[in-house]
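First comes the structure, then the notes that go with it.
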Amino acid sequence: METLQIGRAKLTWLSGGVTHLDGGSMFGVVPKALWEKKYPHNDKNQIELRTDPILIELDGWYLLIDSGIGLNKLSDKQKRNFGVLEETKLEASLSELGLTVDDIDIVLMTHLHYDHANGLTKLINEEAHESVFQNAKIYVSQVEWDEMRHPNIRSVNTYWEKNWKPIVDQVYPFKEKIEILPGLTMIHTGGHSDGHAVIHFQDEADSFLHMADIMPTHAHQNKLWVLAYDDYPVQSVLQKEYWMEQGYKENAWFTFYHDAYFRAIKFNEQGEKVDQLERLRHAYD
Ligand SMILES: [Zn+2]
């Protein structure tokens with residue numbers, strides 16, 4: 001597992017599963033001739049997208065960013081359509097660190113699309129699901145939480161009842177911005193989904209920015225390269241412009257949930273890459 005120490009925070013990338021989605025959908029209006037130079041695709045034109053939660057150890061607390069693709073949450077047809085070749089191995093990842101799901105104190109949900117929220121609940125019998133992180137407070141924006149429970153005709157395809165009903169007592173919705181621990185903040189951005197949020201951490205000169213799905217991989221560095229999946233693409237571009245400038249100014253690490261090649265990248269003020277943490281490929285990949 002890859003780790004990165006950023007000030008007081010120690011980040012570890014856990015094994016949350018993988019999807020393979022259409023490259024065109026992931027790069028919106030960008031022609032394939034351009035995006036294929038930045039990110040590899042397979043013969044079905046799909047690109048590999050991890051769904052790997054990031055464990056943050058900070059001031060004695062254990063936090064997660066997003067929850068992975070889950071286990072036994074998808075039908076065979078869904079697995080085929082979403083290119084899910086591997087499901088969550090979160091419990092195994094945690095046990096390598098001497099932890100269990102019960103040790104997780106806080107889960108930061110950037111948004112609640114199935115590929116981020118499936119890992120929040122698990123099937124306990126034919127119909128019933130229960131919460132995976134029984135002791136955790138779950139933070140998500142109020143807008144996202146509202147849409148999760150009352151999806152529209154399009155978003156109903158990604159906001160699933162089995163992912164929210166079992167966790168209602170654990171959810172702490174926030175309006176625009178919330179400081180979770182000193183220096184660790186979640187900020188509502190909208191864009192990818194109406195309730196999408198980014199996560200920022202700063203400890204003196206060290207910082208990281210988790211842009212979630214407004215910059216899902218290193219190949220999405222261009223501010224105009226946003227997803228066809230985005231509900232509000234112009235909002236994504238505006239928020240991306242603002243936050244990337246902030247991150248460049250701070251020399252922040254940009255961390256990724258979906259990137260199959262890089263866990264994190266650090267840029268200078270000109271947006272040039274100055275450091276990187278590559279994803280280690282395992283024998284079973
Ligand atoms: Zn996503």
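The values are calculated or read from the model by the stated rules, or taken from the named source; none is laboratory data. For clarity, every value in this text was computed on a predicted model and none was experimentally measured. Please note: Cβ atoms are built from the backbone with ideal geometry, for glycine as well, and neighbour counts cover all protein chains shown. Ligands, DNA and RNA are excluded from the accessible area calculation, which covers all protein heavy atoms including side chains. Shrake-Rupley method; radii C 1.70, N 1.55, O 1.52, S 1.80 Å.
What to note about this one:
- Cut-off 9 Å between beta-carbons: net charge of the residues surrounding Asp66, Lys and Arg +1, Asp and Glu -1: -2
- Between Asp103 and Asp275, the simple spin-label model (points 7 angstrom out along Cα→Cβ) gives 2.5 nm.
- Surface accessible to a 1.4 Å probe, per residue, for the residues of the chain, Å²: 44
- The chain, helix-only ellipticity at 222 nm - DSSP H runs n ≥ 4, -39,500 (n - 2.57), divided by all residues, nearest 500: -5000 deg cm²/dmol
- When the solvent-accessible area of the range 3-278 is split by element, carbon and sulfur atoms take up 49 percent of it, the probe being 1.4 Å.
- Based on Cα contacts under 8 Å between residues 6+ apart, the range 1-157 shows a relative contact order of 22 percent.
- Normalised convex hull volume, the chain, alpha-carbon set, Å³ per residue: 128
- For the range 33-79: rounded, prolate or oblate by the Cα gyration tensor [a/c cutoff 1.5]: oblate
- Cross-link partners of Lys122 among lysines, defined as those whose alpha carbon lies under 30 angstrom from its own and excluding same-chain residues fewer than eight positions apart: Lys10, Lys73, Lys77, Lys79, Lys89, Lys137, Lys162, Lys165, Lys175, Lys177.
- Qualifying lysines (Cα of each under 19 Å from Cα of Lys32; at least 8 residues distant if same chain): Lys44, Lys223
- Point-charge dipole on Cβ atoms (K/R +1, D/E -1) for the chain, about Cα centre, debye to 20: 680
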